[in-house]
Every structure is written in C-alpha cells, then in structure tokens.
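First up is the structure itself, then whatever we jot down about it.
The values are calculated or read from the model by the stated rules, or taken from the named source; none is laboratory data. This one's a predicted model, so the numbers in the text were calculated from it and none came from an experiment. As a convention, Cβ positions derive from the backbone with ideal geometry for all residues, glycine included, and neighbour counts pool all protein chains shown. Protein only, heavy atoms only, side chains kept; ligands, DNA and RNA dropped before computing areas. Shrake-Rupley method; radii C 1.70, N 1.55, O 1.52, S 1.80 Å.
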Amino acid sequence: MSEFQTISRTAHDELVTAAYRSRGYSMEEAMLGTKLAAEAARHGIRTHHALKALHLDHLFGSEVGGCVPGAEIEVLPSRFPASEVWNANKKLGQAVAYQAIDRAIELADQYGIAQISVDNSFHYLWGGGYVMDAAERGYFAYTNCTSTLAEVVPFGGKFPTLGTNPHSWGIPSQGANGFPIVMDWATSTVAMGRVQALKREGKQLPAGAAVDKNGQPTIDPNEVSALLPFGGHKGYGMSLLNEIFGGLIGGSLPTIRGRRCGDAEEKTTTAFYFHVIHPDALSGNNFAKGRSQSENLKAVLDDILGHGNENAMLPGQIEAKARKASDDAGGLLFTPAEIAEFNELASELGLPALESK
C-alpha cells in the first residue's frame, strides 16, 4: 500500500459535502452522495469514489440539467404490494439508491421479497455499495442500472450502443466467511472510471478493453473512444439485460441517454432496478445434519474452497481487505495524484487542502 496516503474521513467528507452543497444539493443529498463516495474509497473502489462522482455530476448532472438538486421522489400507483415503481424526477442517484434499498428491506420484512423500479434518475455510481449495505443487515440484494452514456460496442458491432451497465449482488455471508459476498462488475471489460483513473496515474489499459475513434483496439487511455464487453457475447448479453430492464421501466434510447436531445418527446435519464430477499423467504428448512441456514452456507463455501482450492478468492474479499487496510490506517487511502485533484477542488471552493497523515 506504499503508493497510497491516508486522508482523514472527516476531512474528506467535509470537502465532498461542501462540493455537493455548492452545486445546490440539499444537505441530505450531499451527505448520501458523500457516504457512497467515502465507502467506495474505503473499499478500494478507485473507479467510483468522489472524484468520479463529482466529475460525472459536472459533465452530465446539476450543471446541465441531467440531475436536479432537491428533486422529490414520486411513488407511482401499483397493484402489487411488494413492488414499487418510482419516478425519481432526476434526483441525485445515490440519494435515490439508498432510499430504495431501505424501502425494499421494509417490504421484504413484510412480504419476504421486494422490488423497486426507478425511472428518471441519475447514475448511482457504485452499485456494490448498496447491496453490501443490505447484506450487512442480513438481506440478499441485487441491483442493475443503465449507465449514464452508451459507451460499449455490442458483440460483433462497431458503434457504442450500450452502457457499461453494472450488475451487483450482495449475499449476507459474513457469519460464514467474515465478510459479505459482493459480486459487482460493469459489463464492459473495464469501467470508464477505470480509464479515467489510469489516465490520471499515467498508466495503460489491458489489451482487449477499448477501441479508439476509428474502432481500432487501443491500450492508451487518452485514445479511448468506446469500451468492449467482457467475455464477448456473454458480457454483451448481461449488458443487454440492463437495457431491456431500463426499457421496460421507462428508459429511452441508449444512444441519447445522458446527452442533450433535440426530440422533446424522448427521455435521456437513467433507470434503476433493486431486488431484496429476506433470508427466511429462501429457506427450505431441511438442511443436512441439522445445520442452520447460516451453517449450511458455510458448509457449501468450505466445500467450494476446499480440495486444494484454499487460495481461491470469494467475490468481495478484495474489498474486505481494502476496507481493513483503510480502517487500520485510520482514514481513506488515496494516491498522490488523487489527493492533488481533491486539492484542486478544495482551492476552487476556498477550503483548506487535504493533508495526508
């Protein structure tokens, strides 16, 4: 971890909250946006922390009308008690997502299973943060969203018509293995936030991740025009799933999403989907050798990681390790280049520069 320096979480949160407040967001929105950013940094998610969030808001959000500070969520009529559909009215995505997870947990407590579909929102950044939050509270959770822009070329195509479209699952497995299993990935080979991070650090992309403006493969982050789906047709299928969900919820054409559109009848906003399951709703109550549900999960994981597989990893293990490193350091870990960018923001806001411990 020698390349990282420690920044106090309090100092980080004060700066990021001030940045959101300077753009017109309510204190609640600013605090939830800051919470997601801090948790991303704490868990080593360098592609979706505050620098990415504020950059995204600057390009596509509050400054250009893609996100409306202070917007109120409208819960639409539904004949299904365990399902809700929300019109977010372009509210900050992180604020919407945290509320959606909380509401889905309330419904799952009552009905065993719940889903929240969200139309007209703004990108919520790190999807894994929301399902991890649910998993730490004992629930199985899933979310997907349509990304702000269409930046991914479909399998066999040449023009970007898909978002990076992440899928995120959270499994309350901490009793079995010490941390919640969290499966969270963009359906592109790398996230666009990763491209930006590599550009910031002066590093190159892996081969097969991106193409330039001529559709030719590139490893130079400065030349990236579009991304490629991971796993060929498999990643393409998962990315397509998000677009289908978004289209069914109310989202419009991927190629105009996040952009100014000359057709006033089209929509350019993002759609979210959340799904939460109470663990009791899954249980068949017939576990071998009298094991409990939690004990049975541990037995399954131990079997998977046994037989010489002791060095294999579980999804979420890297994030758990990063979280421990952050907590042991007593703050949030950033590279010198990231801290320099934070301090440019602090200077713009007339605030003291962040100082590493």
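Results, tabulated for the structure shown:
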| item | result |
| --- | --- |
| Residue pairs meeting the criteria (Cβ under 8 Å; at least 6 apart or on separate chains; first at positive phi, in segment 193-216; second open to solvent by 70 Å² or more (accessible area, probe 1.4 Å)) | GLY208/PRO217; GLY215/LYS158 |
| Residues of segment 254-264 that turn out to be under 20 Å from THR146 (Cβ atoms), open to solvent by 60 Å² or more (accessible area, probe 1.4 Å) and free of Cβ contacts under 8 Å to residues at least 40 places away in the same chain, as a count | 1 |
| Matching residues in segment 102-115 - criterion: being crowded, with 24+ Cβ neighbours inside 10 Å and in contact with a Ser or Thr (Cβ under 8 Å, 6 or more places away or on another chain) | ALA114 |
| Qualifying residue in segment 209-216 (condition: modelled with pLDDT under 90, in a loop (DSSP other than H, G, I, E, B) and open to solvent by less than 30 Å² (accessible area, probe 1.4 Å)) | yes |
| ALA150 being at pLDDT below 95, under 21 Å from GLY237 (Cβ atoms) and not hydroxyl-bearing (Ser, Thr, Tyr) | yes |
| Filtered residue count, segment 217-253, keeping only those that are touching an Asp or Glu at 6+ places or on another chain (Cβ under 9 Å), open to solvent by 60 Å² or more (accessible area, probe 1.4 Å) and part of a loop (DSSP other than H, G, I, E, B) | 2 |
| Where a residue in segment 343-357 is modelled with pLDDT of 95 or more and its partner, wherever it lies, is among the small types (Gly, Ala, Ser) and assigned to a loop (DSSP other than H, G, I, E, B), with Cβ under 7 Å and at least six apart | ASN343/ALA353; ALA346/ALA353 |
| Which numbered condition HIS55 misses (of (1) more than 14 Å from LEU125 (Cβ to Cβ); (2) surrounded by fewer than 22 Cβ atoms within 10 Å (Cβ to Cβ); (3) touching a residue at least 40 places away in the same chain (Cβ under 8 Å)) | (1) |
